[in-house]
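Visitor: Attaching a single structure in structure tokens format; questions to follow.
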Amino acid sequence: MKKRSEIPEDAKWDLSTLYKTEEDFNNDFKYLMDNYSKYSNFKGKLNNAKDIYDFFMFDEEFSKKYEAVYNYSARRFDEDITNFKYQEISGKFDKLSTKVSEVTSFIVPEMMKLDESMIEKFILEKPELELYKREFKNLLRAKPHVLSEDGEKLISLLSNPLSSFEEISSYLCDSDIKFGTILDEDGKEIELTNTNFSVYMASKDRNVRKSAFYALYKQFENMQNTFAKTYSSHVKVNNVNAKLRGYKDAREAALFGGNIDSKIYDNLIDTLHKNLYIMDDYYALKKEVLGIDELHVYDIYTPLIGESDKQYTFEEAKDIVISALSVLGNEYVKDLQKAFDDRWIDIYPNAGKKGGAYSSGCYTSNPFVLLNFNGKFHDVSTLAHELGHSMHSYYSIKNNPYIYYDYKIFVAEVASQVNEIILARYLIDHTDERLEKLNILDSLMELFKGSIVRQTMFAEFEKLMHESEANGEVLTSKFISDKYYELYRKYSGNNMISDSEIRYEWEKIPHFYYNFYVYQYATGLAAACYIANNILSGKEGALDKYLKFLSLGGSMDPVDELKVAGVDMNDPEVIQSAMNMFKDIILEFKNIYEK
């Protein structure tokens, strides 16, 4: 593994679009430390046009610097997490963040004292406030769910300790629980961890993945009561918070920020129930290709086709991605080229660099992409995926004022998945290599299984747990595990044996602490499938609608933004079309494989 200093400069992201010098960064950090207390100057004054406008101006100036400082320090930290300088800066920023949260806790309750007629009057007095009309509308929408100033301050102070359940679970999973050792494919004894578990579950050696499966879940069985208490406490806090704020339930509270109708959530689950027979086809195919009589849980993560030996240079990956995405038009490709020319991307792994991949940025700079490129097909797909996020952010920043540039999580995965699907279809259509086609189709099937079927199962489990607790059920380890196991068997179909140990899998899923977040993986991929299919089939107006969607930022509710792209998430056909695509991909794989 190379040191950071050994990576060529042209393979690193260029953070000078955030700050040209360290001095500039330090000056902005100092500004934040010196000025965050000025928020309190507006306390008791957010009741007239002038002071409200002055508040918005100060808040925008402060927030832009706040985001830039965070992004610069976070990007530097991720370059090498062993760098003590940025560890310290990250810690200082966390403390600043807590102070900002405390000093701004009065704002929303005070704004809530306004009514529609007062706001209209202020806009007449100060026409510049017209820009904030949507912001006012959202504040008024939330009015029934905001507590008094003292209540909001109390919740703000309690938010940190009451959100510690995920952290507790993470420490248990990733640090405190010891899973013992297993023998790897070479007969070497290795320590099993929650982190490397997925590697051994994908092993071609059935004995390796079987021993990993039993070793891991034995320890989760031993810890079931601790995890049950941790998770049930999290569910109770969600239900109490929803009740305090006057929501119907915790799910409505979680969906409220994006103005998402609960019917979309239920529609997802209901449509999946009607299509679970597809999992029978998928697991029958998996069993056939793996050549086993019985398919167990410890078999399902093994790739059907061994990873291709084909290697891609980054230049080749870049050319492939640009060629594949040329279907999105000349303007899109011209803007996409900037990501490469202007060094938005940190390409290769180095010692201490954060693992995985992401796209991140802020209003005052271009987006940045972190990769750990190793030259496999997965890395090419990841490049397309993260650039989908980046282009969405780039167009959102370019076309919106600061207050409306940031899009909601509900639409956050759409652009990335559109790119991934277009890339996969491009590569399948542009290769004659049978194994390469099968490898790509296998990865697509895994995408559908993991992002739609599995995440919908998680969404149904989360809904069931919160409803059960609210109705007086005690969430014991037995109750939670039994309900999880019932759902797991239901979503796995008839051609896979759901080993009883999987009943404890819920203990290791961090997303269950994200408050009704997971369903968006499924709705996002379904929307992306719908859009990509329309573009690739040449449907009239589909591309223009999609490019318009990318430019909307947070200027509309996310469901309405998707309607601009030609996708109505209230229509079950959107989810159904994604499941039809999953079915077609299974059939396409089967036909190529049998030949």
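Bear in mind that the values in this text are calculations on the coordinates, not laboratory data. Note that the structure is a prediction, hence the values are computed from the model and not measured. Virtual Cβ from ideal backbone geometry, glycine too; neighbours counted across all protein chains shown.
Visitor: With a cut-off of at most 15 other beta carbons within 10 Å, and DSSP calling the residue loop, which trypsin sites (Lys or Arg not before Pro) in segment 477-567 qualify? Please list them. List each step's numbers first, then the result.
Guide: On the way: sites: Lys478, Lys483, Arg489, Lys490, Arg503, Lys508, Lys539, Lys545, Lys548, Lys563; in loops: Lys539.
Passing both the DSSP loop test and the Cβ count: Lys539.
Visitor: Also, quick follow-up: Are there any trypsin sites (Lys or Arg not before Pro) in segment 164-240 that are in a DSSP loop and have at most 14 other Cβ atoms within 10 Å? List them by number.
Guide: Details: sites: Lys178, Lys188, Lys204, Arg206, Arg209, Lys210, Lys218, Lys229, Lys236; in loops: Lys178, Lys188, Lys204.
In loop regions of segment 164-240 (DSSP not H, G, I, E or B), the sparsely surrounded trypsin sites (Lys or Arg not before Pro) are Lys178, Lys188, Lys204.
Visitor: Something else about it: Show that you can apply the helix-only estimate: for the chain, add -39,500 (n - 2.57) for every DSSP H stretch of four or more residues, divide by all residues, and state [θ] at 222 nm to the nearest 500.
Guide: Working: 26 runs with 359 residues, N = 595.
One gets -19500 deg cm²/dmol as the mean residue ellipticity at 222 nm.
Visitor: If you take the square roots of the eigenvalues of the alpha-carbon gyration tensor of segment 390-480 and sort them as a ≥ b ≥ c, do you get rounded (a/c under 1.5), prolate (a/b over b/c) or oblate?
Guide: Working: a/c = 5.83, a/b = 1.32, b/c = 4.41.
Verdict is oblate for segment 390-480.
Visitor: State the Cα centre-to-centre distance between segment 373-402 and segment 134-171 in whole Å.
Guide: Using only Cα atoms to place each centre, the spacing works out to 31 Å.
Visitor: Right, here's the next one. Specify whether the C-alpha gyration tensor of segment 213-347 places it in the rounded, prolate or oblate class, a ≥ b ≥ c being the square roots of the eigenvalues: rounded for a/c under 1.5, otherwise prolate if a/b is larger than b/c and oblate if not.
Guide: oblate
Visitor: Once you place label points 7 Å from the Cα toward the Cβ at Ser170 and Leu147, how far apart are they in nm?
Guide: Taking the two extended label points, one gets 2.5 nm.
Visitor: I've got another one for you. Given +1 on the Cβ of Lys and Arg, -1 on the Cβ of Asp and Glu, and no further charges, what dipole in debye does the chain carry about its Cα centre, rounded to the nearest 20?
Guide: Values: 73 positive and 97 negative charges, 187 e Å.
Charge dipole, the chain, about its Cα centre: 900 debye, nearest 20.
Visitor: Residues with beta-carbon under 12 Å from that of Glu594, excluding Glu594: net charge, scoring Lys, Arg +1 and Asp, Glu -1? The partial results should precede the final answer.
Guide: Numbers: positive: Arg434, Lys590, Lys595; negative: Glu288, Glu588.
For residues surrounding Glu594, the net value is +1.
Visitor: Sort segment 56-200 into rounded, prolate or oblate with this rule: let a ≥ b ≥ c be the square roots of the eigenvalues of the Cα gyration tensor; rounded if a/c is under 1.5, and if a/c is not under 1.5, prolate when a/b is larger than b/c, oblate otherwise. Walk me through the numbers on the way to the answer.
Guide: Values: a/c = 3.03, a/b = 2.28, b/c = 1.33.
Because a/c hits 1.5 or more and a/b exceeds b/c, segment 56-200 counts as prolate.
Visitor: Just want to confirm a number: the relative contact order over the chain, from Cα pairs under 8 angstrom separated by 6+ residues, in percent.
Guide: Numbers: 746 pairs, mean separation 109.1, N = 595.
RCO, the chain: 18 percent.
Visitor: Among Lys248, Lys583, which comes first, then next, by fewest other beta-carbon atoms within 10 Å? Show your work: numbers first, answer last.
Guide: On the way: Lys248 11, Lys583 16.
The fewest-first ordering by Cβ neighbours comes to Lys248, Lys583.
Visitor: Can you sort Lys376, Lys95 by how many other beta carbons sit within 10 Å, fewest first? Mind showing how you got there, number by number?
Guide: Working: Lys376 17, Lys95 10.
Ascending Cβ contact count within 10 Å gives the list Lys95, Lys376.
Visitor: Something else: For every other residue with a beta carbon closer than 11 angstrom to the beta carbon of Pro572, add +1 if it is Lys or Arg and -1 if Asp or Glu, then tell me the sum. Intermediate results must be reported in sequence, preceding the final value.
Guide: Values: positive: Lys263, Lys274; negative: Asp266, Asp270, Asp568, Asp571, Glu573.
With Lys, Arg at +1 and Asp, Glu at -1, the net is -3.
Visitor: Turning to a different aspect of this structure: For Ile345, list long-range residues whose amide hydrogen, built 1.01 Å from N in the peptide plane, is under 5 Å from its own amide hydrogen.
Guide: Asp14, Val369
Visitor: Here's something else I'd like to know. What are the trypsin sites (Lys or Arg not before Pro) within segment 275-316 that DSSP puts in a loop, where the Cβ has at most 15 other Cβ atoms within 10 Å?
Guide: Values: sites: Lys286, Lys287, Lys310; in loops: Lys310.
Those that pass, being in a loop and sparsely packed, are Lys310.
Visitor: What pairs in Lys64/Lys539; Lys338/Lys539; Lys12/Lys398 have C-alpha atoms more than 30 Å from each other?
Guide: On the way: Lys64/Lys539 40 Å; Lys338/Lys539 28 Å; Lys12/Lys398 24 Å.
Over 30 Å apart, Cα to Cα: Lys64/Lys539.
Visitor: Give the cross-link partners of Lys490 among the lysines, using a straight C-alpha distance below 21 Å as the criterion and excluding same-chain residues fewer than 8 apart.
Guide: Partners within reach: Lys274, Lys286, Lys287, Lys449, Lys463, Lys478, Lys508, Lys583.
Visitor: For segment 586-594, in order, what is each residue's ³J(HN,Hα) by Karplus, 6.51 cos²θ - 1.76 cosθ + 1.60 with θ = phi - 60°, in whole Hz (x at glycine and Pro)?
Guide: Per residue, the Karplus-derived 3J(HN,Hα) values read 4, 5, 4, 4, 4, 5, 5, 5, 6 Hz.
Visitor: Students often get this wrong, so check it: of Lys2/Lys310; Lys65/Lys92; Lys65/Lys334, which have C-alpha atoms separated by over 19 Å?
Guide: Numbers: Lys2/Lys310 23 Å; Lys65/Lys92 15 Å; Lys65/Lys334 29 Å.
Beyond 19 Å between Cα atoms: Lys2/Lys310; Lys65/Lys334.
Visitor: Over what distance in Å are the Cα centres of segment 273-310 and segment 50-104 separated?
Guide: A separation of 46 Å, based on Cα centres.
Visitor: Which FRET efficiency value, to the nearest 0.05, do you get for Asn83 and Phe256 by plugging their Cβ-Cβ distance into 1/(1 + (r/R0)^6) with R0 = 30 Å? Let's see the in-between values first.
Guide: Numbers: r = 39 Å, r/R0 = 1.31.
In this case the efficiency is close to 0.15.
Visitor: Sort Glu110, Glu116 so that the residue with the fewest other Cβ atoms within 10 Å of its own Cβ comes first and the one with the most comes last.
Guide: Numbers: Glu110 19, Glu116 10.
So the residues, fewest neighbours to most, are Glu116, Glu110.
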